[in-house]
Amino acid sequence: MPSLVLLSRRTFGLISYFSFVALILFTSLAIAQQTANRSTALTDDQVNARVESILKQLTLHEKIGQMNQLGAADWSFKADPVSPQEHARRCDAGSFLWTTDSKLMDQLQHIAVEQCHAKLPLLFGFDVIHGYRNIFPIPIGMAASWDPAMIEKAQSIAALEASSTGLNFDFTPMVDIARDPRWGRIVEGAGEDPYLGAAVARAQVLGLQGPQLGTPGHMVASVKHFAGYGAADGGRDYDSSYIPEELFRNVYLVPFHAAIKAGVGTVMSAYMDLNDVPASGNRWLLRDVLRRDLGFKGFVISDADAIKSLQVHGYARDPQDAALKGFTAGVNMDMASKTYLDNLEGLVKSGKIKESEIDEMVRPILAIKVRMGLFEHPFVDLSKSEAILNDPSHRQYTRVAAQRAMVLLRNENHTLPLNKELKSVAVIGPLADAPKDLTGSWGVENANVGPSILQAVRAKLPNAKVDYVVGGEMKRAFLPVPWIDHTREDAKPMTPEQLAAEVNKSVEAAKAADVTILVLGENSTMSGEGSSRSTLVLPGNQQQLLEAVAGAGKPVVVVLINGRPLDITWASEHVPAILEAWYGGTEAANAIVDTLFGDSNPGGKLPFSWPRGSGQVPIYYAHNRTQAPEDAPDFTSRYWDISSFPLYPFGYGLSYSEFTFTNLHVSSPTLKIGDKLEVTADVQNTGAIGGDEVAQLYIHQQAGSASRPVRQLKGFERITLAPGEKKTVHFTLGKDELSYWSGQTKSWIVDPEQFDVWVGGDSKAPLHSSFQVEAAQ
Ligand code: BGC
């Protein structure tokens, strides 16, 4: 129904572009003002001298206390006969976690620096994952923006808000590569690709920490979960990962390395067994790889209870052995389990650990505190907090971020954008009027919850008749997670008759409306930690609802609210428009409705390959070519029942504009190892409105000392183009992009071989060129 939808798109495009630029400037100014008193970085010598002078004054117990992080939330210290205040007084802890109670943090900090003999300031840790008060899209959505500058700014707002309350230690970013979306924590990362993952990791660290540790309004970040957590067997959370070293170094470690190069202060060790050795007790991993190879200088904190769990894994004999194994492996701080607090002193007394080794482990913790300026400024001026948390520019920026995260998966016959003059709209689905789900479910207890999609549609179309039907329900079948609000799961389930009635009502509403906005997906409690699934089908009665509503014969637009790809194969064949909106944060609903009605033009791209169903997983574009590839005439390495290709490829996403890529140019046909060459291409907006395209560069090495992936992302840039405008994008290829870790030489190498290069709008880009790498003389 193109006539319904074609408004003055050019005007819309320009208005939203200019308001976007103005908002960015406004927000940057606000942040710059709030962080104006930037402290200058201390030199390593200054830090070391300070650390030594502190260390000399500490008793063994006080040193061990620094290596201990204790829960300070109501639920976490219930089982402990000693209160957090008393622990602080006894110098038992270097850090507390899980509380966001500013008064409690302030009180504990006073006790630590005034009453505990050591007088050492505390770190207060929390999972500020995608915002504190004003919530940005969940990380997989942020990654879908392919916009590191936006991600950095969003995380700097998150840090500013959180740090105003007394928090100073953030368990973010999660950079685990995830290639199996059954794993619930795919929602917390940047998807399947190491190059995109590295760019997102860098942006997050810079946003959270600022240009250096100690920058006012920022926090120390913790990159997690080191490493390989996303490769859990069968996609089951916490299950073992078996990762060959080639894959580990070329894929899984890459975003961690980027975070370390960006200066991340702490690393969180993972829960699972990595090649049979638990990551939090894995000396090779935490010392050889992390410190020696990746050059990490900060401190390692275990994941919650991971030191104690070394015994559960069947790796440590008892708690004392667990403490010894975690310590020996290189975990500086024990999160929440008290295994260090209860056992390290005994291990020193029995001679199994030397006090000098304890010193060695405490130094990086003290160094981070020194660099953060905590000794000079342990307290936060809480009187400023409410103003910071309620800064309207923060909330406005969540709308920008949610718009930029949006991925348009399908748009037949220009179904979208919809016309604001529509007379009647049906808004249907269990997530259509569920505002809390839009902010996600983890680390968001202090969130500003914005409007629901239904409310946002009503606000956008004040003169239209907007009907709403819930349409059914979905529930997590079992496995409640203690830290998540399961009110909805606990509610009495609908009977089959009630469900059927909901579907019928939905069909009637769809028939009576000009357009139906059908909101499908997963409750936010269905993604995240402890939230793995065996299938990707739409949960509850949503598939039935979808088919019934689409069968009503009127235009239907599907909006997806989710943290993992779902099986939408049927929708991709029967519904003309599908918009992926994620758990988009505080202003998600307004951003969705802006996009549906053309006030914002979607420009996000998928950070993972979208599978047709769970039978295809794990699935990723950067796989090796087999001896019988997809384009071979006979035997191909594919299933006989479905294609091996994903439903939508990595890097894919549509726009209301159209873009063409031409004129791919490689600056030289040959390149000596160690030199660089430039790749350029022209991108033109051939559509009628302004919009964004993400130019992506992929390479393939044709032969060499190992089989290399069919394509690998090695550059990208999100650009904004006015209608008709053309821009040249520039990429540089050199050693960093062309090298890989070889299992044969056990080192990073560049092979002198022929390479393909493509530039385009997704990982299937056809525009191709090539170049030859030659051995350096
Ligand atoms: C999660 C971490 C999180 C930690 C602290 C653990 O259960 O795996 O990602 O940072 O809890 O909340």
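The values are calculated or read from the model by the stated rules, or taken from the named source; none is laboratory data. From a predicted model like this one, the values you see are computed outputs, not experimental measurements. Backbone-built Cβ (ideal geometry, glycine too); neighbour counts: all protein chains shown. Calculation scope for accessible area: heavy atoms of the full protein, side chains included, ligands and nucleic acids excluded. Shrake-Rupley method; radii C 1.70, N 1.55, O 1.52, S 1.80 Å.
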Over the Cα atoms of the chain, each weighted equally, I'd like the Debye log10 I(q)/I(0) at q = 0.05, 0.09, 0.11 Å⁻¹, rounded to two decimals. -0.26, -0.85, -1.25
Taking N as the residue count of segment 66-144, its alpha carbon Rg divided by 2.2 N^0.38 Å gives 1.28
How far apart, in nm, are two points set 7 Å out from the Cα along the Cα-to-Cβ line at Ala628 and at Gln85? 7.2
Along each of its three principal axes, how wide is the spread of alpha-carbon positions in segment 143-208, in whole angstrom units, largest first? 37, 23, 14
Would you please state the base-10 log of I(q)/I(0) at q = 0.09, 0.18, 0.21, 0.22 1/Å for segment 454-588, with intensities from the Debye formula using one equal scatterer on every alpha carbon? -0.28, -1.14, -1.45, -1.52
How big is the C-alpha Rg of segment 112-181 next to the rule-of-thumb value 2.2 N^0.38 Å, as a ratio? 1.41
Tilt of helix 148-164 relative to the longest C-alpha principal axis of the chain, in degrees (0 to 90, nearest 10)? 50
With a/c under 1.5 counting as rounded, go ahead and sort segment 287-366 into rounded, prolate or oblate using the C-alpha gyration tensor (a ≥ b ≥ c being the square roots of the eigenvalues; past the cut-off, prolate if a/b is larger than b/c, else oblate). oblate
Sequence gap at least 6, Cα distance under 8 Å: using those rules, report the relative contact order of the chain to the nearest whole percent. 14
Cα centroid of segment 488-536 to Cα centroid of segment 37-114, whole Å: 46
Given the Cα atoms of segment 272-313, and with Rh set as the inverse mean 1/r over their pairs in the Kirkwood sense, what is Rg to Rh to two decimals? 0.99
Quick check: pseudo-label points 7 Å beyond the Cα along Cα→Cβ at Ala703 and His110, how many nm apart are they? 7.5
Based only on Cα atoms, what mean projected area does the convex hull of segment 58-386 have, in nm²? 15.1
DSSP-loop trypsin sites (Lys or Arg not before Pro) across segment 52-147, with at most 14 other Cβ within 10 angstrom: Lys78
Mind scanning Lys325/Lys475; Lys460/Lys505; Lys505/Lys605; Lys676/Lys746; Lys436/Lys465 and naming the pairs with a C-alpha gap bigger than 29 Å? Lys325/Lys475; Lys505/Lys605
Sort Glu473, Glu152 by accessible area with a 1.4 Å probe, largest first. Glu152, Glu473
Can you pull the percent of Cα pairs in segment 659-774 with separation above 25 Å? 26
